[in-house]
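Here is the structure we will look at, set down as structure tokens.
The values are calculated or read from the model by the stated rules, or taken from the named source; none is laboratory data. Values in this document were obtained by computation on a predicted structure and should not be read as measured data. Backbone-built Cβ (ideal geometry, glycine too); neighbour counts: all protein chains shown. Heavy atoms of the whole protein, side chains included, go into the accessibility calculation; ligands, DNA and RNA do not. Shrake-Rupley method; radii C 1.70, N 1.55, O 1.52, S 1.80 Å.
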Amino acid sequence: MSPEEKPNETSPPTDSVDPKISSHPMYTLAPRASYTPQYIDPERTPKPVDEDYFIFRPTLVEQAMKDIQSHLSPEEDGKMRSTWILAQLSHWGTEREVLACICDRSLLICYYDFVELGRSHVFRVPLNYIGTVTWGPLAYPKLALNKREGNAIQIKWDKLREPPSLLSWWNPWTQDLSYINLIQHPGNPTDKDLRDMCQLETFMEQLVEMVKMVHVHNPLPGSANGLLLLQRPVTMDTSLGLVSLFNHKVQLGYAKPRWRFGF
């Protein structure tokens, strides 16, 4: 074979180029100096609606319950009977998701951090301190901008405590109030066990049963014992509700992904 007939070893045969590669829009036959890499966005399948809330993701509730149980006091709490996924409605009308745990001798309201997976703090109410439970629809003043629909449960304790001062009443973080309002979590999980944990009325029925039992077997000394169960509207005193309106629209009190961040 003459040198003129010797094939060029550095140039691949034209028929060796994969036609799929040459026709692919990502690849070009032009020199690499003029090539700009491209990003490929994979097709995104819509995720279930209940995954918008971190609390409804698998194993997170189980992990939170184990964390809470590890901090129970046998003398003050006893054994944990049930755990519920609810939301607290403050006296300013703002919402915040909570885990409510009914124990033998106490009600625990747990503000669990589902972003960092840690226990923020737990609010303990002895069951024999609870004197009034009110169940009914939410009622707002006429001027309130944010009027949340649905039922609520108001749990009152410590009948002898004086009403909070005006300064405490205008403090959104005050701890001088002798009651707590609980509402149903706005999420609707597909998992049946999680859905059962969100039932506000079932939680109320079990709480009332446990409070009545504790009042009989462990009455509070020097106080009139017995539970007063009322079925009437739960009145909210928010005069205008700009803060609660913003809180409700953005759902700041719930751990969920926001703009590729989770908080």
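Descriptive notes on the structure:
- Any strands (runs of 3 or more DSSP E) falling wholly within segment 117-224 and containing at least 1 residues that are free of Cβ contacts under 8 Å to residues at least 60 places away in the same chain, open to solvent by 80 Å² or more (accessible area, probe 1.4 Å) and closer than 30 Å to residue 52 by Cα: 118-126
- Residue in segment 132-144 that is touching an Asp or Glu at 6+ places or on another chain (Cβ under 6 Å), modelled with pLDDT under 95 and at negative phi present: no
- Residue 21 being modelled with pLDDT under 85, surrounded by 10 or more Cβ atoms within 10 Å (Cβ to Cβ) and over 30 Å from residue 257 (Cβ atoms): yes
- Taking segment 73-93 as the range and being assigned to a loop (DSSP other than H, G, I, E, B) and surrounded by 18 or more Cβ atoms within 10 Å (Cβ to Cβ) as the test, the residues that pass are 77, 90, 91, 92, 93.
- Here residue 96 fulfils each of the conditions (1) of a type outside the set (Phe, Trp, Tyr); (2) within 14 Å of the chain's Cα centre (by Cα); (3) at pLDDT 85 or above; (4) open to solvent by less than 60 Å² (accessible area, probe 1.4 Å) apart from (4).
- Among the residues of segment 106-116, those that are crowded, with 16+ Cβ neighbours inside 10 Å and among the hydrophobic types (A, V, I, L, M, F, W, C) comprise 107, 108, 109, 110, 114.
- Just one of (1) out of contact with any Leu (no Cβ under 8 Å at 6 or more places or on another chain); (2) closer than 21 Å to residue 61 by Cα fails for residue 163. It is (2).
- So residue 218, is it farther than 30 Å from residue 58 by Cβ, at pLDDT 90 or above and either of a type in the set (Phe, Trp, Tyr) or in contact with a helix residue (DSSP H, G or I) (Cβ under 8 Å, 6 or more places away or on another chain) (or both): no
- Close pairs (7 angstrom Cβ cut-off, 6 or more residues apart or separate chains): closer than 15 Å to residue 196 by Cα and at pLDDT below 85 in segment 49-62, among the aromatic types (Phe, Trp, Tyr) and surrounded by 12 or more Cβ atoms within 10 Å (Cβ to Cβ) anywhere: 50/56
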